[in-house]
Amino acid sequence: MERLLVTLLKQSLLPVMLVGIAACGGGSGGGGDSDTLSPTGDADGDGLTNQAESELGTDPRVADSDGDRIWDLTEVLLFDTDPLTADTDGDGISDGADPQPTQFTLSPVDPGSGLSIEYGVFTNNTAGTDRQQISSTRYQENHVVYAPNDAPGSPFLIYQTYLEDSNEDTLYDEGDLPGSAIAVMNVDGSNPRFLTDIDPGTGFVASNHAVDATPEPSPDGEYIIFVSDRDDPGSFQLRLYVMNIDGTEQRPVNYASNPPDVADGEIDADPFWGNGDIITFKRQRFGTRQEFSRVYTATIDRTTMTLTGVVERTAGSNTVLATPNGPGDFDPKLSPDTTLIASYRHLSDSVALFGDYDIWVGPHTHAAQPTDASIMFVEQDPDLASLFPRWNLTGDRLAAWQLDSNAVSAGQDPLDIVVYDLTIQTSPFSVTAEKTNITPTNDGWFETMPSWQTDPTRADELIYSASRLF
């Protein structure tokens, strides 16, 4: 009977009685004070009217009636889960933490150790003194970024996650890119809502078995640029895509000229949308000889979503490396004023499984580009893999994550979030940096992929992903 009620509400009552899914952003939701609730009102702000909650049997004053971290409306519309039962499939994992909440799933186990694994998202300040865990799941939530401060429905988080264990290692993580998806959630880590991987027939979350990854919002929060191989799922022939901030109008990015559209065997990935509608991305060919991953810049036309003025910003020599990524530059990010680019370069295999990666900064354009003379390394250390640089709002700091091979050898925590305070001279161009490790405590959490708060009043705050075995 309960399932029938949910079906009826979804098909007929909800379109009339819903306040709107746009109301489901921000924080954790709250209840009304009045004992008598208007049928058409929404006392808890979860997007379901009080009358709809009465039909479902959910609490009209509590956005998440069963306490599983998914709001009642989202359970009904997106997940096909029971808003009155925290663990719909009875597998011992609450719906909000479960990678497949409607299918009985064994708790993910790390193949190497046999231990269970927990994924979390944390916030912290640049002194490392205010760490707060906002989510705890059995699937990875990474590439987490704050929506721009002026984005419709802000504040909320945009992130990448995983709907299936495509490599069959029991984990739902970065190794499962064919099962990746893009979603948003509240800034307290609650109420995940998927933007991709929605079954058009049912409206429920369902993997499209394609890569949908690395979401980055436009500066005004109107759009999200990302990568996908949805035209040929599982091929990893990644192309640039764009969608509206609410997930509608998902479409490929086009190329006007110089160079032409990406060729077979090449991928375009790691996109970023900067001020002035400037786009940065990396292009790389995979084969028996791995081609140097090059940084490109371009301008995007919002009307046609076409890239014009595509320029090769960096280039280098092809090198066959044993580690999974080839040589070259990855994940280029523009500074807020668009005068600078930060990226990281892979040149050798000297650090554990990752290889030696070093962060560099260079002017957006430089007379010596695409040669090495047009960039300057922030830190060069063969014992470190320095990854994922992100600019703060004022463009004088970078956050990154590092793998320390010496810590690996010593059996210590090898992964940390670091912040570089930069001193930049424009003529002649030079960069010096002071580094602070904001996660030095060895408490079992392995931290990765930091990003900055977009609210200017909280500009000292970071958000990042982490995992631990237990």
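The values are calculated or read from the model by the stated rules, or taken from the named source; none is laboratory data. Fair warning: this is a prediction, and the values are worked out from it, not measured in the lab. Backbone-built Cβ (ideal geometry, glycine too); neighbour counts: all protein chains shown.
Taking the options ASP337, ASP331, ASP356, name whichever one is at pLDDT below 95 and either closer than 15 Å to PRO271 by Cα or among the charged types (D, E, K, R) (or both). Outline the logic, then answer.
Details: ASP337 fails: at pLDDT below 95; ASP331 fails: at pLDDT below 95.
Exactly one residue qualifies, and that residue is ASP356.
Here is a check on your reading of the model: is VAL62 in contact with a Gly (Cβ under 7 Å, 6 or more places away or on another chain), surrounded by 18 or more Cβ atoms within 10 Å (Cβ to Cβ) and modelled with pLDDT of 95 or more?
Values: in contact with a Gly (Cβ under 7 Å, 6 or more places away or on another chain): yes; surrounded by 18 or more Cβ atoms within 10 Å (Cβ to Cβ): yes; modelled with pLDDT of 95 or more: yes.
Against the criterion (in contact with a Gly (Cβ under 7 Å, 6 or more places away or on another chain), surrounded by 18 or more Cβ atoms within 10 Å (Cβ to Cβ) and modelled with pLDDT of 95 or more), VAL62 qualifies.
Residues in the stretch 157-189 that are touching a Gly at 6+ places or on another chain (Cβ under 9 Å) and surrounded by fewer than 22 Cβ atoms within 10 Å (Cβ to Cβ): GLU164, ASP165, SER166, ASN167, ASP169, PRO178, VAL187, ASP188.
For the structure I just gave you, tell me whether GLY120 is buried (at least 16 other Cβ atoms within 10 Å of the Cβ), out of contact with any strand residue (DSSP E or B) (no Cβ under 7 Å at 6 or more places or on another chain) and within 29 Å of ARG397 (Cβ to Cβ). Spell out the reasoning first.
Values: buried (at least 16 other Cβ atoms within 10 Å of the Cβ): yes; out of contact with any strand residue (DSSP E or B) (no Cβ under 7 Å at 6 or more places or on another chain): no; within 29 Å of ARG397 (Cβ to Cβ): yes.
No; evaluated as a whole, the condition is false for this residue.
Within the stretch 39-67, being farther than 20 Å from SER135 by Cβ, part of a loop (DSSP other than H, G, I, E, B) and touching a residue at least 40 places away in the same chain (Cβ under 8 Å) holds for one residue alone: GLY57. Among the conditions (1) surrounded by fewer than 24 Cβ atoms within 10 Å (Cβ to Cβ); (2) touching a strand residue (DSSP E or B) at 6+ places or on another chain (Cβ under 8 Å), THR74 misses just one, which is (1). Can you name the residue in the stretch 94-114 that is within 20 Å of GLU141 (Cα to Cα) and in contact with a Leu (Cβ under 9 Å, 6 or more places away or on another chain) and, of all such residues, is surrounded by the fewest Cβ atoms within 10 Å (Cβ to Cβ)? Among residues in the stretch 94-114 that are within 20 Å of GLU141 (Cα to Cα) and in contact with a Leu (Cβ under 9 Å, 6 or more places away or on another chain), the one surrounded by the fewest Cβ atoms within 10 Å (Cβ to Cβ) is PRO111. Quick one: how many residues across the stretch 193-240 are of a type in the set (Ser, Thr, Tyr) and more than 15 Å from the chain's Cα centre (by Cα)? Selection size over the stretch 193-240: 3.
Taking (1) within 30 Å of TYR420 (Cβ to Cβ); (2) of a type in the set (S, T, N, Q); (3) out of contact with any Lys or Arg (no Cβ under 6 Å at 6 or more places or on another chain); (4) touching a residue at least 60 places away in the same chain (Cβ under 8 Å) in turn, SER113 satisfies each apart from (1).
Here's the yes/no breakdown for (1) in contact with a helix residue (DSSP H, G or I) (Cβ under 7 Å, 6 or more places away or on another chain); (2) under 30 Å from THR423 (Cβ atoms); (3) of a type in the set (A, V, I, L, M, F, W, C); (4) touching a residue at least 60 places away in the same chain (Cβ under 8 Å):
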position: SER293; (1), (2), (3), (4): no, yes, no, no
position: GLY316; (1), (2), (3), (4): no, yes, no, no
position: PHE330; (1), (2), (3), (4): no, yes, yes, yes
position: LYS333; (1), (2), (3), (4): no, yes, no, yes
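Table: residues versus (1) in a helix (DSSP H, G or I); (2) acidic (Asp, Glu).
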site: THR74; (1), (2): yes, no
site: LEU77; (1), (2): yes, no
site: THR81; (1), (2): no, no
site: THR88; (1), (2): no, no
site: ASP98; (1), (2): no, yes
site: PRO101; (1), (2): no, no
site: SER107; (1), (2): no, no
site: PRO111; (1), (2): no, no
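Answer with yes or no whether TRP360 is closer than 17 Å to THR126 by Cβ and crowded, with 21+ Cβ neighbours inside 10 Å. The answer is no for TRP360.
I'm trying to understand the selection: among the residues of the stretch 410-453, which are among the basic types (Lys, Arg) and surrounded by fewer than 12 Cβ atoms within 10 Å (Cβ to Cβ)? Even if it seems obvious, please write down each step before you answer.
Initial filter on the stretch 410-453 (among the basic types (Lys, Arg)): 435.
Within the stretch 410-453, none qualify.
Just one of the listed residues (ILE267, ILE300, ILE224) is crowded, with 17+ Cβ neighbours inside 10 Å, among the hydrophobic types (A, V, I, L, M, F, W, C), at pLDDT below 95 and part of a strand (DSSP E or B), namely ILE267.
Tally time: how many residues in the stretch 233-257 are touching a residue at least 60 places away in the same chain (Cβ under 8 Å) and either more than 20 Å from SER218 (Cα to Cα) or touching a Cys at 6+ places or on another chain (Cβ under 7 Å) (or both)? Counting residues in the stretch 233-257 that are touching a residue at least 60 places away in the same chain (Cβ under 8 Å) and either more than 20 Å from SER218 (Cα to Cα) or touching a Cys at 6+ places or on another chain (Cβ under 7 Å) (or both) gives 0.
Is there a residue in the stretch 154-175 that is assigned to a strand (DSSP E or B), closer than 21 Å to ALA97 by Cα and among the aromatic types (Phe, Trp, Tyr)? Steps first, please.
Of all residues in the stretch 154-175, those assigned to a strand (DSSP E or B) come to 157-162.
Restricting the remaining residues to those that are closer than 21 Å to ALA97 by Cα gives 157-162.
If we keep only those that are among the aromatic types (Phe, Trp, Tyr) as well, we get 159, 162.
Yes, there is a match, as at least one residue in the stretch 154-175 is assigned to a strand (DSSP E or B), closer than 21 Å to ALA97 by Cα and among the aromatic types (Phe, Trp, Tyr).
Report yes if ILE278 is at pLDDT 95 or above, farther than 23 Å from LEU157 by Cβ and touching a helix residue (DSSP H, G or I) at 6+ places or on another chain (Cβ under 6 Å), otherwise no. It is false that ILE278 is at pLDDT 95 or above, farther than 23 Å from LEU157 by Cβ and touching a helix residue (DSSP H, G or I) at 6+ places or on another chain (Cβ under 6 Å). Is the stretch 139-146 home to any residue that is at pLDDT 95 or above and touching a helix residue (DSSP H, G or I) at 6+ places or on another chain (Cβ under 6 Å)? No, there is no match, as no residue in the stretch 139-146 is at pLDDT 95 or above and touching a helix residue (DSSP H, G or I) at 6+ places or on another chain (Cβ under 6 Å). Residue-level check: of (1) touching an Asp or Glu at 6+ places or on another chain (Cβ under 6 Å); (2) surrounded by fewer than 18 Cβ atoms within 10 Å (Cβ to Cβ); (3) not in a loop (DSSP other than H, G, I, E, B), GLN133 misses just (1). ILE70: assigned to a loop (DSSP other than H, G, I, E, B), closer than 21 Å to GLY203 by Cα and within 28 Å of the chain's Cα centre (by Cα), yes or no? Spelling it out, ILE70 is indeed assigned to a loop (DSSP other than H, G, I, E, B), closer than 21 Å to GLY203 by Cα and within 28 Å of the chain's Cα centre (by Cα).
Condition test on ASP98, is it in contact (Cβ under 8 Å) with a residue 24 or more places away in the chain, within 24 Å of ALA43 (Cβ to Cβ) and of a type in the set (D, E, K, R)?
Values: in contact (Cβ under 8 Å) with a residue 24 or more places away in the chain: yes; within 24 Å of ALA43 (Cβ to Cβ): no; of a type in the set (D, E, K, R): yes.
Against the criterion (in contact (Cβ under 8 Å) with a residue 24 or more places away in the chain, within 24 Å of ALA43 (Cβ to Cβ) and of a type in the set (D, E, K, R)), ASP98 does not qualify.
Only one of the numbered conditions (1) assigned to a loop (DSSP other than H, G, I, E, B); (2) closer than 30 Å to THR457 by Cα is not met by GLY120, and that is (1).
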